[in-house]
Amino acid sequence: MNGTEKQNETSMEIPAEDSRVTMGNQTEKKHRFHLKMPQKGRKHSVKKRIAYTFIATMAATLLIIGLINYFFLGSFYIRDKEHILAESFQKLNATGGDSDDIPDTFEQFCVTNNLKVIITGPELSSFVYSNATDRQSLQTLIFGLISGNEQANTKVVDSKDNYQIQKFYDSHADAEYLQIIGWFDNGNCYFARCPLESITDAVGLSNQFYLFIGIPIIIIGAIVIWIITRQIVRPVQELTEISKKMAALDFDARYVSGGKDEIGELGNNFNVMSEQLEQAISELKSANVELQKDIDKKTQIDEMRREFLSNVTHELKTPIALIQGYAEGLKDNINDDEESREFYCDVIIDEAAKMNEMVKKLLNLNQLEFGEDQINMERFDLNAVIKGVLQSSDILIRQKEAKVLFTGGDPLYVWGDEFKVEEVITNYLTNALNHLDYDHTIEISCKKEGNVVKTTVFNTGDPIPEEDLDKVWVKFFKVDKARTREYGGSGIGLSIVKAIMDSFQQQCGCQNYDNGVAFWFTLEADGKTEEV
C-alpha cells in the first residue's frame, strides 16, 4: 500500500471488553480487533470520466485530421491534378489525337477539372483542337516552352518519354499553373493547364468548412456521448447505491434495471449475494439470540442456586438451633419432670415437621421454576375444586373461627392442571387464615372476564404495605416475620402460586382494600361460564 492509500484510510481500534464468559468448563475470551475504514475522498464520477474521454478522443481525432488537411491536402490535390493531366494526355493519345477522334466526354472532363487544352499540328502553327478562348497566347507560350525562353518560370514536376508535367509561373497574369506538354504518337502537340490558385482556394475552403463543421460535431457529439454515458452508467450507479446499503447491513435493496450484458449479470449476482448475506446474518442473529438466552438462563440458574442455598441456610438455621438446643436439654436432663421432657420432644417433632414441610415445598417450587414438573392441562369444574379445598380445610377454618363465604352453584369449567389449581387455592386459603383479623371473614368468588375466569380469595385484616405488594411472590419473603414464625409459615407458598400460574401462562396478583387483602388468579374459561 502506497502513501496516498494510507492517507485515505483511518485505522480505528474497536476495543471489545476484555471480559470472559464462562460456560460450563469452557472460557471464551473476547480479543481486540481492528477495522480499516476508508475516508471519504473526492468522488470521481465514472460518467464524467467516460464522457470526457470520448470527447477528448473525438476532439483529438478531428484536430489531427484538420492538421493533416492543412499540411497535406494541397499536395494531395496537386498530385491528383497531375494524375488528371496525365490521364487527359493518355486518353487523347489513345484515340489518335485528331479533332475527329476526340470523344464528347472529353469536353465534360475538361470542364469538370477546369482544364484549358490546345492540340496543334507537328509544326505548331495549326490548331487541331482547343477549348481555350486565349489560344493565341497559349500558342505563344508553347513556342516559348519548346524554345526554352520560359525556362526561368518553369519547374518540371514529372517527366515521361512523350510528355512533361510542369509548374509554371505566369508573370503577366501573376498566377501559377500546373500544366502538361507532350507529343502524341501521330506527331501532334498536346498542351493542357489548370490554375494552382483554384487548388489553393479549394484547400483553404475545405479547411475552413472542416473547421466550421468540426466544432458543431464536437458539441453535438459531446451531448450524444453524455446522454449515452448516462444510460451506461445508470446501472453502475444503482449498483453503487445497493453496495452502500449492503455495507450498512441493509439488504432490502434489489437491482431492478435488468439487462443481459455484464452489468446486468453483475446486478443479478448482487441480488443473490444480498439475499444470501441477509439469510446468513439473520441466522447468525438467531444463533446469537439463542446463545444469549442460554447464557442468561445459565446465569439465572446459577443466581437462583446461590439464592436458594442462602435462603435455605437462613430458614433452616432457626429450627436446627431449636432442635439442637432442646435435644441437648434432654441429654443433659435440664428438667427431670416428665412434662418438660414431653414439651422438649414436642418442640423437636414440631420443628422437624416444619423443616420437612419446607423441604417438600422447596422441591416442588424448584421443579416448577425449572420446568421439570409435568403440566397436565385438562377441563375441570373449578367450583368443585374450591368446595373440596374448603371441606379438607374445615378443621383449620373452625380453629381460626373464620367465616368463609362461597356460594358455588352450577359447574364452572376451566382449563388447567386440576391438582396444581387445588394447590393454588389451598395456599391462598391458608394465607388468608393465617392473616385473619377484624371480623374473621374470608370471601371466595369467581368471575368471568373475557376468555378467562378470575378467582379471588379475600380476607379481612391488615393491608400489606404498598412497597411489599410485589415482593410477596419472592421466595422466603415475609411481611411480618414474627407472625410468620408464630404460625409456622416458610414464605414459599405464594412463590409456588406464582410459579404454577407462570407455567399455565396465566396471571396472579394481590390488592389491598380498606378492611383486608384480596389475592387472585386467572384460568382459561371453557364454554359458557357464569359469575359465582
Practice item. Only loop residues by DSSP count here, and only those with at most 12 other Cβ atoms within 10 Å; note down the trypsin sites (Lys or Arg not before Pro) in the stretch 188-250 that meet that. Key: none
Practice item. Work out the FRET efficiency for A327 and F419 from their Cβ-Cβ distance, taking R0 = 45 Å, and round it to the nearest 0.05. Key: 0.75
Review point. Can you flag which of K420/K448; K354/K420; K293/K448 are past 24 Å Cα-Cα?
Key: K293/K448
Exercise for review: Set Lys and Arg Cβ to +1 and Asp and Glu Cβ to -1, take the dipole of the stretch 374-525 about its Cα centre, and tell me which of G388, N515, I492 lies farthest positive.
Suggested key: I492
**Study point:** Two-site label geometry, A353 and D170: point separation in nm, points 7 Å out along Cα→Cβ
**Key:** 15.4 nm
Revision key, fill the gap. Of all GluC sites (Glu not before Pro) in the stretch 377-458, the ones in DSSP coil with at most 13 other Cβ atoms within 10 Å are E401
Study note, to complete from the structure: Hull surface over four for the Cα convex hull of the stretch 374-525, reported in nm², is 8.9 nm²
Exercise for review: Note down the nm distance, to one decimal, between modelled labels 7 Å out along Cα→Cβ at D502 and at L396.
Suggested key: 2.4 nm
**Study point:** Chain lengthening between I217 and I295 when straightened (0.36 nm per residue, less Cα-Cα)
**Key:** 20.8 nm
Review point. What is the extension gain from T133 to R79, computed as 0.36 nm multiplied by their sequence separation minus the C-alpha to C-alpha distance, in nm to one decimal?
Key: 16.8 nm
Review point. Per residue and in Å³, how big is the convex hull formed by the alpha-carbon atoms of the stretch 174-289?
Key: 192 Å³
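Bear in mind these aren't lab numbers, they're just calculated from the coordinates by the rules spelled out. Computed from a prediction, not measured in an experiment: that's the story for all the values here. We place every Cβ from the backbone using ideal geometry, glycine too, and count neighbours over all the protein chains shown.
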